[in-house]
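Below: the structure, in structure tokens.
Please treat every number below as a calculation from the coordinates, not as lab data. On a predicted model such as this, the values are computed, not experimentally measured, just so you know. Virtual Cβ from ideal backbone geometry, glycine too; neighbours counted across all protein chains shown.
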Amino acid sequence: MNRKVNDFSITVGTKNGSGSSTANNTILRSIFKMGIPVSGKNLFPSNIQGLPTWYTIRVNKDGFIARHEANDIVIAMNPDSFARDLVSVSPGGAFFYADDIRQPITRADITIHPMPIKTIVRNDPNVPTDFRDLVGNMVYVGILAQMIGIDMEKILAALTFHFKGKQKPVDMNFNALKAGAEWAKDNLEKKDPFHLESMDKTDGLIMADGNTAAAIGSIFGGVQFAGWYPITPASSLAESLNDFLPVLRKREDGKHTYAVVQAEDELAALGMAIGAGWAGLRSMTSTSGPGLSLMTEFAGLAYYAEVPVVIWDVQRIGPSTGLPTRTSQGDLTFTHFIGHGDSHSVILLPGDVGECFDFGWQSFDIAERAQTPVFVLSDLDMGMNQWMSKPFQYPETPMDRGKILTEQDLEGLKGNWARYLDKDGDGIPYRTLPGNKHPMSAYFTRGTGHDENARYTEESDVYIRNMERLKVKYYNAANYMPKPVTHPLKGAKVGILAYGSTENAILEAQHQLDIDHGIQADFMRVRAIPFTDEVTKFIENYDQVFVVEMNRDGQMHQILLTEYPQFAMKFKSVAYHDGLPAAAKWVREGILAKYTRTEGEKQKKASAAKTAVKAKAAKPSKKAAVKSSTKAKKPVTKSRTSAKAKKK
Amino acid sequence: MAETLPMAGATANTNLAGLTKNDYRGNPTTLCQGCGHNSISNQIVTALYEMNTVPEAVMKFSGIGCSSKSPTYFLNRTFGFNSLHGRMPSIATGALFADAHMKGIGVSGDGDSASIGMGQFKHVMRRNVNMVYIVENNGVYGLTKGQFSATAEKGLQLKKQGENPYMPVDICMEALVSNATFVARSFAGNPKQVKELLKAALAHDGIAVLDIISPCVTFNNQENAFHSYAWGKDHEEPLHEISYIAPRNEIILEREMEEGEIREVAMHDGSTVILKNLEKGYDPKDRYEALRVMEEAQRNNWLVTGLLYINTTKPTLTNIYNLVDTPLNRLTEADLRPERSMIDEVNALMF
């Protein structure tokens, strides 16, 4: 049988609350430490204990680590999902299951391995009775390790990391794991084609989740206040602030330069953050869609009263409670126009863990500079799953605190200033902070109509002037927003435009479209709204721009139509949402479904089809292989040869 | 015996901070003539003046409603935030973290605090935020023109609303059960008591709730009275409706009340409020006793005034957070951004 080395997917089906996350993370981390590009995604229900849950791992030597829709190896630990787990195995794949699950096995096209997990644990004198179930998860890790070749040393490193070096749990888990491996060695015959071999493609990388990265980035950005309220999938962001602030901002006097307050609800969370931002603190909150709905009134206030504050929205599927533990990019238009009346939000769109860190600190600079709420749209997949990442980079630019007038400044101005006066023509006025002792510093902030001096007014011309200035301020922000990331492809005639966590899936789809379908596409990942000039130039380049996103209605597509009506005919929405992390398949198929071939391409395709009929089982042409080596920028790999091309 | 008297004027001198009373004033009021809220604003000015507190050492906050407009009418030299309906407590909570040396003065109404803002009201109590929380309580929604508020008494008749079928929320009892550390009640027509309670509240470290009954001269009134809003509305052209203000004198007690004294005061709507000052010897440090007095007042339909409860032993919110002495909003990048070397330590903490 052909060996499939470092290119397959593994899915573990367990019960929610059965303690399998340690086991699954151990698999993920040890493969990562073997130098093989890998990703792990927890597909879990909104439940504490008992419902089916899956952990899916993608191993890919070429660095394509988006979720793979096919399961090459399945480990079934849950009777309730056994039947569907069995069906889900790709032909030629491997199915491992706990042998106390006694259900019919109807597949003859895959390798089947029953695992006597309970017996192995029971026979291990080192495992206390209470821990049998938990440690049982390690047995399947051991069996899998033996069968696909996970390095035991790396497993030990992963366990040591997980248990923070505590020897007792490390030993207990490692022993159970070894027992599983021993049993597999003695009892199982390798029939499936899946093998791991050490590589060097993860050297220098770290593994982290987006919420932790966002929290640490915020700390390096000097966060001083966070108001938050628990909500999946955002909670771990604020919890990480609590974990890391005492470490990273520790002072000799033991005093704190920050406060993290768990509010009574999302309204209060943002209210506190706005109060703090207004009074001059680097202030933030984190939430998800339903929480953002509750924050809407405050968001409008902060926009109109011009208060800097950072709002992380770790998106999940809506509307309403939606699927609370499933990922989505469904809050984009809502955030863009949040608040009643005319409002435009400044939005940052991180695409990976490294950017969660970067935008963690940059968001404060932008918020303070623009004196406006900045929304950072992450999602569950990015926020809660472990991702390979470049190490976090120290912020190289000094903090931008924006236009703040001190006592000395006011003295120089002889107290002559106005809170909402556009003195510099960039739409951004000057502000003073509570505690400023100059008698002319104070002003009265309100969400009602106000003039340049912050005085209440309902005068039409003043209102119009104020609203037009806010618009100027908003569009000017494009000058200091993060520029998009581009993944160009030689000879590209169409564009793919996307944002956020879909990048891996799109890079893979971009590759597949090129190799398998002869469609070369340049890919631009937008990282901010308002759009920077690069976005405009990118769109100008192509007759077809596929806007790829994880929601039903094509929300980025809608915003692009509004911002670029002159290009309306170019945009083709490829929107899809099933709550699962993006996979190349839907990107590829979505684009193919809407792709308009030129006359030349149609003729080419027709003649290619004829050739294909003549040489049915032909090997891949040299030309295709050469073409694949000149491909787009890769996320983590040094080279990405085309498995697909070779297969052809 | 009922009494109704006009408000007295104020004098201007220099206090120990070197400021005149004028330095504590705000813009001219746009509230109705005779509104009790204006009297409270005046007492805030006087209290801070007499306490020699510089206006820059205070932040003022409010929500939405007639009462929440009033911070415009005092302390022009003080940073203010007129926020959202019922959401003043969270804005104040966040803002006061910026400079823990500053005091907050929040002005709210019964609509603001006892209905839409009930949640935030109670949580700002339990957090012991260092601020004076004034509820200008008139039992009615003014800005939206005359609906029942949650503190309106059962059986109250309002023209467009009919009879109020619900029991009222008692601000002081809610504050007490939410573990507020200072709870007092007064009457806008008793300026001396309002001022003294304000001073005590300003001197208190932590949350100080002042529930001040402040009759609405415009909406909470008798519908067939000649000067009532209802009458005016019926007899004015629509063009003038918005600007119509019932000319009223503010209700002011003629003479200061003795401890334990019970006195009846006539309201503009013809009803009578029975004020009862707390007894001499009442121990405001006993929360159980405070709740008992409140219960007794409810049964007797009294408005008990005075300092109901004080607890000086609990840390304020910002104390709990053990903040640096420098106000947080004066910290610089050197204080806030971790050293460059820390980035390696962080990366080492990742897998």
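Can you give the log10 of the normalised intensity I(q)/I(0) at q = 0.08, 0.09, 0.11 Å⁻¹, computed with Debye over equal Cα scatterers of chain B?
Per q value, in the given order, log10 I(q)/I(0) is -0.40, -0.50, -0.73.
Among rounded, prolate and oblate, which fits region B:282-346 when a ≥ b ≥ c are the square roots of the eigenvalues of its C-alpha gyration tensor, a/c under 1.5 means rounded, and a/b larger than b/c means prolate?
Prolate is the answer for region B:282-346, as a/c is 1.5 or above and a/b outweighs b/c.
Out of the trypsin sites (Lys or Arg not before Pro) in region B:250-280, which ones are loop residues according to DSSP with at most 12 other C-beta atoms within 10 Å?
For trypsin sites (Lys or Arg not before Pro) across region B:250-280 that sit outside H, G, I, E and B with at most 12 neighbouring Cβ atoms in 10 Å, the list reads B:Arg255, B:Lys280.
For A:Ser378, what residues show an amide H to amide H distance below 5 Å, using hydrogens built from the backbone and excluding near sequence neighbours?
When sequence neighbours closer than 5 places are left aside, the close amide H contacts are A:Asp313, A:Val314, A:Gln315.
May I ask for the angle, rounded to the nearest 10°, between helix A:289-305 and the longest principal axis of chain A, with both axes built from Cα atoms and the value confined to 0 to 90°?
Computed tilt is about 20 degrees.
Can you pull out the trypsin sites (Lys or Arg not before Pro) in region A:391-470 that DSSP calls coil and that have at most 10 other Cβ atoms within 10 Å? Working shown, then result.
Details: sites: A:Arg401, A:Lys403, A:Lys414, A:Arg419, A:Lys423, A:Arg431, A:Lys437, A:Arg446, A:Arg455, A:Arg465, A:Arg469; in loops: A:Arg401, A:Lys403, A:Lys414, A:Arg419, A:Lys423, A:Lys437, A:Arg455.
Filter output for region A:391-470: A:Lys414.
Output the Kirkwood hydrodynamic radius of region A:69-153, Cα pairs only, in Å rounded to one decimal.
This gives a value of 13.7 Å.
Quickly estimate the mean residue ellipticity at 222 nm for chain A, helices only: each DSSP H run with n ≥ 4 gives -39500 (n - 2.57), and the total goes over all residues, rounded to 500.
After summing the helix terms and dividing by residue count, I get -12000 deg cm²/dmol.
Check B:Leu323: other-chain or 5+ apart residues with amide H under 5 Å from its amide H, H built from backbone geometry?
A:His256
Assign unit charges at the C-beta atoms only (+1 for Lys and Arg, -1 for Asp and Glu), then state the dipole size of region B:85-199 relative to its Cα centre in Debye, rounded to the nearest 20.
For region B:85-199, the charge dipole is close to 120 debye.
Within a 10 angstrom radius of each residue's Cβ in B:68-77, how many Cβ atoms of other chains show up on average? Whole number is fine.
Mean partner shielding for this stretch: 2.
Please report the antiparallel percentage of DSSP beta bridges with both residues in chain A, rounded to the nearest 5. Write out the running numbers ahead of the final one.
Details: 27 of 79 bridges.
The antiparallel fraction comes to roughly 35 percent.
In degrees between 0 and 90, to the nearest 10, how far off the longest principal axis of chain B does helix B:36-50 point, with axes built from Cα atoms?
Between the helix axis and the principal axis of chain B, the angle is about 50 degrees.
From the C-alpha gyration tensor of region B:132-189, pull out the three semi-axes of the equivalent ellipsoid (sqrt of 5λ each), sorted largest to smallest, in whole Å.
After scaling each eigenvalue by five and taking roots: 24, 13, 9 Å.
For region B:121-201, which chymotrypsin sites (Phe, Trp or Tyr not before Pro) are in a loop by DSSP, counting at most 14 other Cβ atoms within 10 Å?
When the chymotrypsin sites (Phe, Trp or Tyr not before Pro) of region B:121-201 are filtered for loop state and at most 14 Cβ neighbours within 10 Å, B:Tyr166 remain.
Once you've got the GNM for chain B with C-alpha springs shorter than 10 Å, pick whichever of B:Ser341, B:Ser113, B:Ser186 has the biggest mean-square fluctuation.
Result: B:Ser341 has the largest fluctuation of those listed.
Give me the percent of DSSP beta bridges within chain B that run antiparallel, rounded to the nearest 5. Present the calculation step by step, with values, prior to reporting the outcome.
Values: 16 of 46 bridges.
Counting DSSP beta bridges with both partners in chain B, the antiparallel share is about 35 percent.
Can you pull the mean other chain C-beta count within 10 Å for peptide B:120-133?
1
Out of residues 5 or more away from A:Ile73 or on other chains, whose amide H comes under 5 Å of its own, with H placed 1.01 Å from N in the peptide plane?
Sorted by chain and number, the residues that satisfy this are A:Ser9, A:Ile10, A:Thr11, A:Ala94.
With an 8 Å Cα cut-off and a minimum separation of 6 or more residues, compute the relative contact order for chain A in percent.
So the answer I get is 12 percent.
I need the peptides A:334-342, A:32-40 ranked by packing, meaning the mean over residues of other C-beta atoms within 10 angstrom, with the highest value on top. If you can, show how the numbers build up before the last one.
On the way: A:334-342: 17.1, A:32-40: 24.6.
By packing density, highest mean first, the sequence is A:32-40, A:334-342.
Name the residue from A:Gln603, B:Met102, A:Pro308 whose Cα lies farthest towards the positive end of the charge dipole of the protein assembly as shown, charges +1 on Cβ of Lys and Arg and -1 on Cβ of Asp and Glu.
Of the options given, the answer is A:Gln603.
Enumerate the calculated ³J(HN,Hα) couplings along region A:114-121 in order (Karplus 6.51 cos²θ - 1.76 cosθ + 1.60, θ = phi - 60°), each rounded to whole Hz, writing x wherever the residue is Gly or Pro.
Per residue, the Karplus-derived 3J(HN,Hα) values read x, 10, x, 4, 5, 5, 4, 5 Hz.
Please compute the Cα-Cα pair-distance distribution of region A:187-258 with 5 Å bins starting at 0, giving whole percents from short to long.
For region A:187-258, the binned pair fractions read 3, 12, 18, 15, 10, 8, 8, 7, 7, 5, 3, 2, 0 percent.
For the cross-link pairs A:Lys255/A:Lys390; A:Lys4/A:Lys33; B:Lys199/B:Lys285, which exceed 23 Å when the distance is taken from alpha carbon to alpha carbon?
A:Lys255/A:Lys390
May I have the pair-distance distribution P(r) for region A:278-317, computed from all Cα-Cα distances with 10 Å bins from 0 and rounded to whole percent?
Over region A:278-317, the share of Cα pairs per 10 Å bin runs 29, 54, 16, 1 percent.
Once phi is turned into ³J(HN,Hα) by the Karplus curve 6.51 cos²θ - 1.76 cosθ + 1.60 with θ = phi - 60°, what whole-Hz value does each residue of region B:201-217 show in order, with x for glycine and proline?
5, 5, 7, 7, 8, x, 7, 10, 8, 10, 8, 10, 6, 9, x, 7, 6
I'd like the Karplus ³J(HN,Hα) series for region A:522-529: coefficients 6.51, -1.76, 1.60, θ = phi - 60°, whole numbers in Hz, and an x wherever there's a Gly or Pro.
Those phi angles translate into 7, 10, 10, 9, 6, 10, 7, 10 Hz.
Give, rounded to the nearest 20 debye, the magnitude of the charge dipole that chain A has about its Cα centre when Lys and Arg contribute +1 at Cβ and Asp and Glu contribute -1 at Cβ.
3020 debye
Quick one: in the protein assembly as shown, what % of C-alpha pairs are over 56 Å apart?
Value for the protein assembly as shown (Cα pairs over 56 Å): 26 percent.
What share of the DSSP beta bridges in region A:178-335 is antiparallel, in percent to the nearest 5?
Numbers: 2 of 12 bridges.
Around 15 percent antiparallel, to the nearest 5.
Using the reciprocal of the averaged 1/r over all distinct C-alpha pairs, how large is the Kirkwood radius of region A:453-506 in Å?
Taking every pair of different Cα atoms in region A:453-506, averaging 1/r and inverting gives 15.5 Å.
I need the per residue convex hull volume for region A:458-582, using only the alpha carbons, in cubic angstrom as a whole number. Write down the numbers at each step before the final one.
On the way: hull volume 16.2 nm³, N = 125.
In region A:458-582, the Cα hull volume divided by residue count equals 130 Å³.
Students often get this wrong, so check it: of A:Lys15/A:Lys585; B:Lys69/B:Lys145; B:Lys192/B:Lys276; A:Lys41/A:Lys185; A:Lys490/A:Lys572; A:Lys403/A:Lys473, which have C-alpha atoms separated by over 23 Å?
A:Lys15/A:Lys585; A:Lys41/A:Lys185
Determine the shielding of peptide B:330-342 by partner chains: average, over its residues, the number of Cβ atoms on other chains within 10 angstrom of each Cβ.
6
Can you pull the percent of Cα pairs in region A:1-139 with separation above 19 Å?
53 percent
Find the eigenvalues of the gyration tensor of the Cα atoms of region B:1-133, then list the square roots of 5 times those eigenvalues as equivalent ellipsoid semi-axes, largest first, in whole angstrom.
Values for region B:1-133, descending: 24, 20, 12 Å.
Angle check, please: helix A:235-248 long axis (alpha carbons) against the longest principal axis of chain A (alpha carbons), in degrees 0 to 90, nearest 10.
80 degrees
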